[in-house]
There are 2 protein chains.
Amino acid sequence: MDSPWHSCIDSDLAECERLMMKTLQFENKELTEMCQYVIASGGKRLRPSLCILSYYACGGKDQRTPVSVGSAFEIVHSASLIHDDINDQGEIRRGRKTLHKKYTMTKAIIAGDVMFSMGFDLLKNVGPEVVGYIIEASAAMGSGEFVQKDYEHASGVTEDHYMKIISGKTAKIFEACAKSGAFTGGGSPEEIHALGENSFHLGLAFQIIDDMLDVSGDPEKTGKLIGTDLLEGKPTLPTIYAMQDPVYGKELQDIFEEPEASLESVRKALELIKKTDSLDRCYKKACEISSSAKKFLGDIPDSVYKTSLLNLADYVVSRKR
Amino acid sequence: MDSPWHSCIDSDLAECERLMMKTLQFENKELTEMCQYVIASGGKRLRPSLCILSYYACGGKDQRTPVSVGSAFEIVHSASLIHDDINDQGEIRRGRKTLHKKYTMTKAIIAGDVMFSMGFDLLKNVGPEVVGYIIEASAAMGSGEFVQKDYEHASGVTEDHYMKIISGKTAKIFEACAKSGAFTGGGSPEEIHALGENSFHLGLAFQIIDDMLDVSGDPEKTGKLIGTDLLEGKPTLPTIYAMQDPVYGKELQDIFEEPEASLESVRKALELIKKTDSLDRCYKKACEISSSAKKFLGDIPDSVYKTSLLNLADYVVSRKR
């Protein structure tokens, strides 16, 4: 790829950074500091990107709209990460201390709540449809996390359960970003649907790769420790596939079911997974889904933004190693 | 008082109950159960009442609007209580187990987040002004809670700090309810302001009495254990005033500064507070504020709804014993 997939929206993304920092300013200095700490720790900004690309792909012209909506989604997403990190007792996020470790759990819960509100604030002038999209995604996110909790340390978890979990956790929000962009960009119902499906599938592929990186990633690049999903007993596709292996599956199941796995067990589990064909199967699955994401763009008129979405589908699965 | 202050809006409040339960229905059964558990545990529904009364006091005619907006505020408030209870490690709320004790902390955090979203969902068709009111209140709530945390176990806390804490924690949300009701009911800017100030002051008086009940309330009636604020080192007006007492103040300060006060210390502290004139001073303060709340209604046209707001000001301080 000559230029990165996002080069055509770099100025919009820079605007998002400015707007997010501006939005998260409060009378209380510490609250401001905490919210800005979370935003400033970066991330790939995929959610605003999907919103902005879908907006322009439908012919939207005014930069302010997708920048507001995209920033809203990123702020709400960041708020959910704060609460996720508390729930998972995560210590490191994007290479930095998680918010509740740097401050306190109490203040982190409150800061998360305030960020939720501020995210919705950015949507208040955009109309009820967009609020509807984000709410639908939020409810799905809650349901997805409930299913995830129910299958922690449960070796009976299936690929279907996993798809339901990652739909709610990641893909529905990706879809909502794209639909919000497409809707505000003046897209037809068909275009809104197509761009929504495109991002939904990108979200699935993205999450599968993300879960693979927990097994085989380079912590220097991902900013995350390896094996944390296993340590927490989170059901992910690499584990699910590997547990099906006729030779190594049973031993892995036993480790996965340990309520308090030791670091030694986790190391062993990672080794076992790598001995199976699980990561290859996961990668193949992610590539299939990413290809199907592209197909949804068939009837979207050609533009640099459509090309960018196509490149994004390749980028998502290129994070493999 | 012949009939209770809310009798003129009882049918609206019943509609709120129905709408809240309907709104909190999800594909995930457990999520539905959790959210409905919180709503079904009742409460005084003051926030929807302020919204509905202010709406009708401004001449609003359509029941659906204040019922939606009032329900939205109650749902968002309930969501914040879930997170509060986690932060305070509260075990009992309204005479029942708190959500994170009945289920798990993780699921309670998620359920709270989902409820926030659903609250905003009910506001999506009401227009950006109302979203603006609730967001402003949410940010103030966050700030208020930060100040509260900063003065936990700190005997240097002043009445000014306390007023800032309860403004954010309670009064600003009361104000937002009333302003949202008045705005959607077609009130003039002066009416919106007056009804907002009325509810803001009701909120202050309400919170002072609530904090008194933590010292002198009857757990059978309040549904709450006594002395929990002291146990958690929360700065409240009864403690602040009592710490100023020339005879008993010093001993109370020492107990308040204990980072992990024993139940014995808390019992002692409650005794000390009751030996001072603190509760009388608190009650006088609450009555003054409640009276000033009434004065803001001077230019609002007479109606059963205005009378109800006036009666509510009396009710708020009648909870004393």
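The set of residues in segment A:168-190 that are over 15 Å from A:VAL131 (Cα atoms) and either crowded, with 23+ Cβ neighbours inside 10 Å or modelled with pLDDT under 95 (or both) comprises A:GLY168, A:LYS169, A:THR170, A:ALA171, A:GLY185, A:GLY187. Of all residue pairs spaced 6 or more apart or on separate chains, those with beta-carbon atoms under 6 Å, a first member in segment B:85-96 that is within 14 Å of chain A (Cβ to nearest Cβ) and a second member that is in a loop (DSSP other than H, G, I, E, B) are B:ASP85/B:THR98; B:ASP88/B:GLU232; B:GLY90/B:THR98.
Number of residues in segment B:40-51 that are at negative phi, surrounded by fewer than 20 Cβ atoms within 10 Å (Cβ to Cβ) and either assigned to a loop (DSSP other than H, G, I, E, B) or touching a helix residue (DSSP H, G or I) at 6+ places or on another chain (Cβ under 6 Å) (or both): the value is 2. Total residues in segment B:1-27 satisfying the condition of being within 14 Å of another protein chain (Cβ to nearest Cβ) and either touching a residue at least 12 places away in the same chain (Cβ under 8 Å) or crowded, with 20+ Cβ neighbours inside 10 Å (or both): the figure is 3. Consider segment B:17-35 and keep the residues that are hydrophobic (A, V, I, L, M, F, W, C) and not in a helix (DSSP H, G or I). The one that is farthest from the chain's Cα centre (by Cα) is B:PHE26. Looking only at residues of segment A:115-141 that are charged (D, E, K, R) and surrounded by fewer than 22 Cβ atoms within 10 Å (Cβ to Cβ), we find that the one that is modelled with the highest pLDDT is A:GLU129. The residue that is surrounded by the fewest Cβ atoms within 10 Å (Cβ to Cβ), among those in segment B:222-257 that are at positive phi and touching a helix residue (DSSP H, G or I) at 6+ places or on another chain (Cβ under 9 Å), is B:GLY227. The C-beta contact set for segment A:56-84 (first residue at pLDDT 95 or above and among the charged types (D, E, K, R), second residue crowded, with 23+ Cβ neighbours inside 10 Å and assigned to a helix (DSSP H, G or I), distance under 6 angstrom, 6+ apart or interchain) comprises A:GLU74/A:ARG47; A:GLU74/A:PRO48.
The criterion of at least 3 residues that are more than 14 Å from chain A (Cβ to nearest Cβ) and under 15 Å from the mean Cα position of the chain (by Cα) is met, among helices (runs of 4 or more DSSP H) falling completely within segment B:128-204, by B:159-166, B:172-184. Among the conditions (1) closer than 28 Å to B:TYR315 by Cα; (2) outside any helix (DSSP H, G or I); (3) not hydrophobic (A, V, I, L, M, F, W, C), B:TYR241 misses just one, which is (2).
Regarding segment A:109-126, can at least one residue be identified that is within 22 Å of A:ILE255 (Cα to Cα) and among the aliphatic types (A, V, I, L, M)? No, because not a single residue in segment A:109-126 is within 22 Å of A:ILE255 (Cα to Cα) and among the aliphatic types (A, V, I, L, M). The selection criterion, being within 10 Å of chain A (Cβ to nearest Cβ), closer than 13 Å to B:THR23 by Cα and hydroxyl-bearing (Ser, Thr, Tyr), holds for B:SER117. Summed over segment B:254-304, residues that are farther than 24 Å from B:ASP229 by Cβ, without any contact (Cβ under 8 Å) to a residue 24 or more places away in the chain and of a type in the set (Asp, Glu) total 1. Scanning segment A:97-111 for residues that are at the interface with chain B (Cβ under 8 Å from one of its Cβ atoms) and either assigned to a helix (DSSP H, G or I) or touching a helix residue (DSSP H, G or I) at 6+ places or on another chain (Cβ under 6 Å) (or both) yields A:MET105, A:THR106, A:LYS107, A:ILE109, A:ILE110, A:ALA111. Being within 21 Å of A:TYR241 (Cα to Cα), out of contact with any Ser or Thr (no Cβ under 7 Å at 6 or more places or on another chain) and either of a type in the set (S, T, N, Q) or part of a helix (DSSP H, G or I) (or both): is that true of A:VAL266 here? For A:VAL266, the condition - within 21 Å of A:TYR241 (Cα to Cα), out of contact with any Ser or Thr (no Cβ under 7 Å at 6 or more places or on another chain) and either of a type in the set (S, T, N, Q) or part of a helix (DSSP H, G or I) (or both) - is met. When A:PRO259 is tested against (1) assigned to a loop (DSSP other than H, G, I, E, B); (2) under 18 Å from the mean Cα position of the chain (by Cα); (3) more than 22 Å from A:LEU46 (Cα to Cα), exactly one condition is not met: (2).
The values are calculated or read from the model by the stated rules, or taken from the named source; none is laboratory data. From a predicted model like this one, the values you see are computed outputs, not experimental measurements. Quick reminder, even Gly has a Cβ in these numbers, built from the backbone with ideal geometry, and neighbours come from all protein chains shown.
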